[in-house]
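Quick notes on the structure that follows.
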Amino acid sequence: MAVLGVQMMMLKDKVVDEGMYSVLQKVKDLGYDSVEVSQIPMTHENVAALERAVAELGLDIGALSVALKPGPTATGDNLTEHFDKIVADCTRLGSRFVRIGMMPFDAMASKSACEAWAAECEGAARRLAAEGITLCYHNHHVDLAQFDGERIFDIVRRLAPSLGFEVDLHWVQRGGMAPLDMLERYAGVCKLIHVKDFRVAPLPPAAMELLQRGDMAGFFDVFVNLAQFAEVGSGNMDWPKLLPAANAAGAEYFFVEQDETYGRDPYDCLAESRAYLRSIGY
């Protein structure tokens, strides 16, 4: 069964306020066995705290986040400028996976740009594989867009066969593909999974006020944007079916993630998600 962990993007502000090791202790106390580090600087101090958590808490540092190159979507180290550091961090922490959280925006805009970016990823994936590290790519809904009838996800797979996938099941559903179909289609490639629920919020009072004022454009702007990120088990996704399917697809890690907590403390959100996952056998 895949190792259950936390995507630490949720806790980046906590790391600033409380320190990395304190946050990792709380993650372990909540019942998670692993973390994926994202949007948190891999400074000497933070890497040392992660190493300490491995030794003292038994925490598994499942994956580190990287970009292919510097740019607007690069929130930490990148493989062009920091390859040796990334390999050293993985070796020090026992991490077998690094993941690219998003392709550059210009690569999403045309087939040729997407193909060029994917081909560069293939080179990086092969270079990392020689160091015993698997490079994975994390999707969003845009990866279900099509150029000439071919999804971006399939373009990436075609041009970067050495690349694994980190399948974000929420974004798959938001992109209009059944998550179970995604897991079946990419079985054997789905190394990492983001476990994130999909909730549709009720119409807020502000929307009804727009309607009463006759502002139909304003009302429909709210109406078509009711989708929310949600604690696992509080949305519409069928986790008792999805998680076994993800295991069958070859997933090695399940990382709980919630991009927005809508004013709730992220620790409370993670506790709620953990309680639900425990209730269904995880």
Among VAL167, VAL142, which is the only one that is in contact (Cβ under 8 Å) with a residue 12 or more places away in the chain, in the same structural domain as LEU243 (by TED's automatic domain parsing), part of a helix (DSSP H, G or I) and among the β-branched types (Val, Ile, Thr)?
VAL142
Exactly one of SER34, SER65, SER22 is of a type in the set (S, T, N, Q) and under 24 Å from TRP239 (Cβ atoms), and that residue is SER34
Which ones in the stretch 40-56 are among the aliphatic types (A, V, I, L, M) and surrounded by fewer than 16 Cβ atoms within 10 Å (Cβ to Cβ)?
ALA48, ALA55
Identify, please: which residue in the stretch 76-85 is surrounded by 13 or more Cβ atoms within 10 Å (Cβ to Cβ) and free of Cβ contacts under 8 Å to residues at least 40 places away in the same chain and is, among those, farthest from MET42 (Cα to Cα)?
THR80
Which of the numbered conditions does ALA178 fail, given that it passes all the others? Conditions: (1) small (Gly, Ala, Ser); (2) buried (at least 16 other Cβ atoms within 10 Å of the Cβ); (3) assigned by TED's automatic domain parsing to the domain that holds MET9.
(2)
Qualifying position, being among the charged types (D, E, K, R), assigned to a loop (DSSP other than H, G, I, E, B) and over 30 Å from ASP238 (Cβ atoms), among GLU131, GLU120:
GLU131
Within the stretch 3-19, does at least one residue satisfy the condition of being touching a Leu at 6+ places or on another chain (Cβ under 7 Å) and more than 17 Å from GLU272 (Cα to Cα)?
no
May I ask you to say which residue of VAL23, VAL37, VAL47 is within 22 Å of HIS170 (Cα to Cα) and in the same structural domain as ASN139 (by TED's automatic domain parsing)?
VAL37
Among the residues of the stretch 177-193, are any more than 25 Å from VAL6 (Cβ to Cβ), in contact with a Ser or Thr (Cβ under 7 Å, 6 or more places away or on another chain) and at pLDDT 95 or above?
no
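To keep it simple, each residue is scored yes or no on (1) crowded, with 17+ Cβ neighbours inside 10 Å; (2) free of Cβ contacts under 8 Å to residues at least 60 places away in the same chain; (3) charged (D, E, K, R).
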position: ALA227; (1), (2), (3): no, yes, no
position: GLU231; (1), (2), (3): yes, yes, yes
position: ASP238; (1), (2), (3): no, yes, yes
position: LYS241; (1), (2), (3): no, no, yes
position: ALA246; (1), (2), (3): yes, no, no
position: PHE255; (1), (2), (3): yes, no, no
position: CYS269; (1), (2), (3): yes, no, no
position: ARG274; (1), (2), (3): yes, no, yes
Conditions (1) of a type in the set (Lys, Arg); (2) under 17 Å from GLU122 (Cα atoms); (3) surrounded by fewer than 16 Cβ atoms within 10 Å (Cβ to Cβ) -> ARG92 fails only (2)
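The values are calculated or read from the model by the stated rules, or taken from the named source; none is laboratory data. Source: prediction; values computed, not measured. Cβ coordinates were reconstructed from backbone atoms using ideal geometry, including for glycine residues, and neighbour counts include every protein chain displayed.
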